[in-house]
């Protein structure tokens with residue numbers, strides 16, 4: 001029943017997209033860990049988003065602070081922990097798992113499906129900001145093009161893998177086989193956009209797929225684009 005309700009909600013999200021001002025994907029970041037027993041439901045929600053919502057960019061950031069509690073998450077990144085700490089300072093709610101952040105503006109418990117759907121709908125309906133953004137991949141080269149716009153933002157390059165299955169040997173999820181989607185393998189700032197058109201060519205990051213975010217000085221996401229593996 002819950003899955004059916006969620007599917008109906010995401011169908012509504014698709015309908016909202018047709019009239020929303022923004023023509024880019026809504027960025028949904030999940031801060032998670034294979035060592036956290038509360039995280040698999042949030043991981044499952046992120047997987048559903050990755051499969052059913054083409055206008056959402058879901059990204060799983062595996063944090064490091066569970067690694068000393070029985071199981072070292074093979075996908076954990078210090079950069080993920082640092083990124084969540086910056087959100088914690090802005091939102092005033094500390095770092096916890098599972099936490100979902102929508103478009104860099106709204107933090108919530110990552111397994112709360114109705115709250116997540118509402119936050120995504122609100123992001124879709126918000127006025128568009130930033131500038132046209134496109135990214136392409138040719139072998140090991142990434143080309144990023146950003147058009148004219150207002151404001152200033154960091155250009156953030158993210159590499160991620162679409163799916164992994166992990167047999168967890170110890171810790172709170174010991175004995176479970178976890179399926180996780182859109183796992184971030186690398187994240188770094190590659191440039192600064194200041195409103196004028198900007199073109200960048202840089203080496204591809206670690207990860208089978210990649211995304212580029214325009215992240216404003218306050219941490220909100222004002223642009224996003226993605227591309228699959230090189231053919």
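Remarks
- For the stretch 24-127, the spread of Cα positions along each principal axis, largest first, Å: 42, 29, 21
- Considering only 107, 147, 92, the mean-square fluctuation computed in a Gaussian network model of the chain, springs between alpha carbons under 10 angstrom, is largest for 92.
- The chain: angle of helix 113-125 to the longest principal axis, Cα-based, in degrees nearest 10: 0
- Centroid-to-centroid separation of the stretch 173-225 and the stretch 77-136 [C-alpha atoms, Å]: 13
- Each distinct pair of alpha carbons in the chain adds a 1/r term; the inverse of their mean, the Kirkwood radius, is 17.9 Å.
- Length-normalised contact order for the stretch 87-231 - Cα pairs under 8 Å, 6+ apart - percent: 27
- Tilt relative to the chain, helix 78-91 - C-alpha long axis, 0 to 90 degrees, to 10: 80
Read-outs: derived from the displayed coordinates by stated rules, not from any lab. The structure presented is a predicted model; accordingly, all values stated were derived computationally and were not measured.
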